[in-house]
Amino acid sequence: MHPFVIDAKPQPISIDPANAAVLVVDMQNDFGSKGGMFDRAGIDISGIQRAVGPTARVIAAARNLRVPVVYLKMGYLSDLSDLGRSDAPNRIRHLQVFGVGESMITPDGNESRILIRDTWGTDIVDDLKPQTGDVVLYKTRFSGFYETELDSVLKTAGVKHLIVTGCTTSVCVESTIRDAFFRDYHCILLTDCTSEPIAWDASRSNHDASITLVQILFGWTSTSDHLLKAIEERVQERLELAE
């Protein structure tokens, strides 16, 4: 399929499926499912859950175009050796704020631990499960590029454009987009495929601030509807030319 143009901000952007990938950031049970870490902490996960449907449609379209789908998951080794040194802010904040490594009971009654690799909490939410051929990478910091294989995976696949989805907008999503920007990737953040539970007050949210920053400096923003419409229009053009 030839390039298609997405209606985006600050201006439309042309994407060639041959050098694009969909990035799904941290859409895992600990963040987006009832009984997960966020939900247990009393954090509102409704926005993350609303982002699941649009994200699922984007992933399905990507697979139809044979565009790579790359999943990032926040998860630590069982001994927490990759959480950072004893005085590392990453270790201190994760232990204090989220209780990483603490025991918990999953919704189906099994024993588990918060944000530990290969447990229910670090599994991708049911409606977005990876399929054979998708790439799944663990990360130990907010950015998906920090001490992971993400950059090499993308470069090996010839990826230039990253269609970014996931949670949360101002933390792991924005951190990953910033690092992608430093590495010269073109990031398109789909605003209905991400969410942010942190808000300063009723009128200001970190979600909106991150979207503004991406539009001004770090890439482009669009929506799942604009992306799917651009793909459909390009497919229709090809069909008409073939007649």
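Can you give me the pair-distance distribution of segment 7-131, C-alpha pairs, 5 Å bins, whole percents?
All Cα pairs, binned at 5 Å, distribute as 2, 10, 17, 19, 17, 13, 10, 8, 4, 1 percent.
Suppose R0 equals 25 Å. What FRET efficiency, 1/(1 + (r/R0)^6) with r the Cβ-Cβ distance, do Val5 and Leu217 give to the nearest 0.05?
On the way: r = 22 Å, r/R0 = 0.87.
According to the calculation, E is roughly 0.70.
For segment 4-242, what does the convex hull of the Cα positions come to per residue, in cubic angstrom? Intermediate values should be presented prior to the final figure.
Numbers: hull volume 31.6 nm³, N = 239.
Dividing the Cα hull volume of segment 4-242 by its residue count gives 132 Å³.
If the elastic network links every pair of Cα atoms under 10 Å, which of Leu213, Leu227, Leu95 fluctuates the most in the Gaussian network model of the chain?
Result for the chain, Cα springs under 10 Å: Leu95 fluctuates most.
Would you please classify the overall shape of segment 54-189 from the alpha carbon gyration tensor, given that a ≥ b ≥ c denote the square roots of the eigenvalues, rounded means a/c under 1.5, and beyond that prolate means a/b larger than b/c while oblate covers the rest? Walk me through the numbers before you get to the answer.
Details: a/c = 2.15, a/b = 1.36, b/c = 1.58.
Verdict is oblate for segment 54-189.
Using a Gaussian network model of the chain whose springs link C-alpha atoms within less than 10 Å, name the residue from Leu217, Leu228, Leu162 with the highest mean-square fluctuation.
Answer for the Gaussian network model of the chain: Leu217.
What is the gain in length, in nm to one decimal, between Ser78 and Lys34 on full extension, counting 0.36 nm per residue of separation less the C-alpha to C-alpha distance?
Details: separation 44, 0.36 × 44 = 15.84 nm, distance 2.26 nm.
Gain on stretching Ser78 to Lys34: 13.6 nm.
Just name one of Gly99, Thr194, Gly84: the one whose Cα is farthest towards the positive end of the charge dipole of the chain (beta-carbon charges, Lys/Arg +1, Asp/Glu -1).
Projecting each Cα onto the dipole axis, the largest value belongs to Gly84.
Report, ordered by chain and residue number, the aspartates and glutamates lying within cross-link reach of Lys139, taken as a straight Cα distance under 17 Å and ignoring same-chain residues fewer than 8 apart.
Of all the aspartates and glutamates, those that pass the test against Lys139 - Cα under 17 Å, at least 8 places apart if same chain - are Asp26, Asp30, Asp79, Asp82, Asp118, Asp123, Glu147, Glu149, Asp151, Glu174, Asp179.
Could you name the lysines in cross-link range of Lys9, using Cα to Cα under 26 Å and dropping any fewer than eight places away on the same chain?
Here the lysines satisfying the reach criterion relative to Lys9 are Lys155, Lys160, Lys229.
Below 10 angstrom from the Cβ of Pro17, what's the summed charge of the other residues (Lys, Arg +1; Asp, Glu -1)?
Taking every Cβ under 10 Å from that of Pro17, the sum is +1.
Any chance you could run the full-extension gain for Asn90 through Asp184? It's 0.36 nm times the residue separation minus the Cα-Cα distance, nm to one decimal.
Details: separation 94, 0.36 × 94 = 33.84 nm, distance 2.61 nm.
Taking 0.36 nm per residue and subtracting the Cα distance, the gain is 31.2 nm.
Enumerate the calculated ³J(HN,Hα) couplings along segment 125-135 in order (Karplus 6.51 cos²θ - 1.76 cosθ + 1.60, θ = phi - 60°), each rounded to whole Hz, writing x wherever the residue is Gly or Pro.
3J(HN,Hα) across segment 125-135, in whole Hz: 4, 3, 6, 10, 4, x, 10, 4, x, 6, 9.
Taking every DSSP beta bridge with both residues inside segment 4-242, roughly what % is antiparallel (nearest 5)? Present the calculation step by step, with values, prior to reporting the outcome.
Working: 10 of 35 bridges.
Restricted to segment 4-242, the bridges split so that about 30 percent are antiparallel.
Determine ³J(HN,Hα), in whole Hz, for all residues of segment 137-143 in sequence, where each value follows from phi through the Karplus function 6.51 cos²θ - 1.76 cosθ + 1.60 and θ = phi - 60°; x replaces Gly and Pro.
10, 7, 9, 10, 10, 4, 7
For segment 166-182, just list the computed ³J(HN,Hα) in residue order, Karplus coefficients 6.51, -1.76 and 1.60, θ = phi - 60°, integers in Hz, with x standing in for Gly and Pro.
x, 9, 9, 4, 8, 10, 5, 5, 5, 4, 5, 5, 4, 5, 5, 4, 5
Once you've got the GNM for the chain with C-alpha springs shorter than 10 Å, pick whichever of Asp82, Asp108, Asp225 has the biggest mean-square fluctuation.
Asp108
Give me the angle, in degrees from 0 to 90, between the Cα long axis of helix 46-64 and the longest principal axis of the Cα atoms of the chain, rounded to the nearest 10.
Approximately 40 degrees, to the nearest ten.
Length gain on complete extension for the stretch Lys129 to Asp151, per 0.36 nm per residue less the alpha carbon to alpha carbon distance? Display every interim value, and only then the final one.
Working: separation 22, 0.36 × 22 = 7.92 nm, distance 2.23 nm.
Length gained between Lys129 and Asp151: 5.7 nm.
With label points built 7 Å along Cα→Cβ from the Cα atoms of Glu102 and Leu228, find their separation and express it in nm.
In this crude label model, Glu102 to Leu228 measures out at 3.8 nm.
Rule-based calculations on the coordinates, nothing more; no lab input. In this text, all values refer to a predicted model and were calculated from it rather than measured experimentally. Glycine also receives a Cβ, built like all others from the backbone with ideal geometry; neighbour counts cover every protein chain displayed.
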